[in-house]
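Reviewing the structure listed below.
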Amino acid sequence: MKTKERILLGALDLFNLNAATEVTTNDLARGLKMSPGNLYFHYKNKEQIVRELFKRLAQETAMIWKPQTKKSNNKEKMEMVEFIDRNLQLYWKYRFFHRELYTLRKVDPELSRLWRAHLQKMRRLMIVLHKHWVRAGVMLPIQSKYEMEFLGELLFVASNSFMQFFETVDRSPNQRTVDKARKHILRMLMPYLSVETQNSFAIFFKEK
């Protein structure tokens, strides 16, 4: 494994375990068993490492948001559940970023710019994805531009803040935390789903 890759993976683990805002480059070098000079040879500061990790997050998100090839209606419904799960797993993988989003952006204007560009791209992809699921009979059409923006903002806020919320409730967030988030997001989507899709998803809300 190349040194730059090892630094990124080590930083991701350390940021997720602790708080990225509290981890220093010396902490990172110590955890990777390398000299600070070697780390600085590859990345000039911690902010650059955070930005590189965010670029990976953005790339992986865009891959998930790309509509899949045409499938049967039942497979499209499960594709929606898989889509939500894959997004949440990605949030879990890069949980430090969503947990510390405001602070990280505040100290790094370039990261803030990248984040805004990412949101704009996600808004465009959401419209494409919605049309895809309407054609498949999974979702209902949304004619109002205001309603579409409202739904998009609601989902973005919920998805990006669920880690913060559940960390205040669950001492050690885990896979069960991700399952809770999926259930909440499906509930938010229910009014926008076709009746057939709503009936198919009812199983997720049964008391266990």
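If you take all other residues with their beta carbon under 12 Å from the beta carbon of L57, and give Lys and Arg +1 and Asp and Glu -1, the sum is +3.
Treating only the Cβ of Lys, Arg, Asp and Glu as charged (+1, +1, -1, -1), what charge dipole size does the chain show about its Cα centre? Round to the nearest 20 debye. Working shown, then result.
Details: 37 positive and 22 negative charges, 95 e Å.
It works out to roughly 460 debye.
List, in the order given, every pair from K55/K145; K77/K106; K77/K121; K44/K66; K44/K183; K4/K183 whose Cα-Cα distance in the structure shown is over 31 Å. Result: K77/K106; K44/K66; K44/K183; K4/K183 exceed 31 Å. Using the alpha-carbon atoms, what tilt in degrees (0 to 90, nearest 10) does helix 46-65 show relative to the longest principal axis of the chain? Approximately 20 degrees, to the nearest 10. Listed by Cβ neighbour count within 10 Å, with the fewest neighbours leading, H130, H184 appear as H184, H130.
Each of P141, L151, T103 was placed along the dipole of the chain (beta-carbon charges, centred on the mean Cα), and the one lying farthest toward the positive end is P141.
Taking the number of Cβ atoms within 10 Å of each Cβ as an exposure proxy, the fewest-first ranking of F97, F41 is F41, F97.
Per-residue ellipticity at 222 nm computed for the chain from its helices equals -24500 deg cm²/dmol, with DSSP H segments shorter than 4 residues left out and the rest contributing -39,500 (n - 2.57). Considered as an equivalent ellipsoid built on the Cα gyration tensor, the chain has semi-axes of 36, 18, 15 Å, the largest given first. Relative to the longest principal axis of the Cα atoms of the chain, helix 73-93 runs at roughly 20 degrees. For the range 103-151, the dipole from Cβ point charges (+1 on Lys and Arg, -1 on Asp and Glu) about the Cα centre works out to 120 debye, to the nearest 20.
Throughout, read-outs are computed from the coordinates displayed, never taken from laboratory work. Nothing here was measured: the structure is a model prediction, and the numbers come from that model. Heads up, the Cβs are rebuilt from the backbone with ideal geometry, glycines too, and the neighbour counts pull from every protein chain shown.
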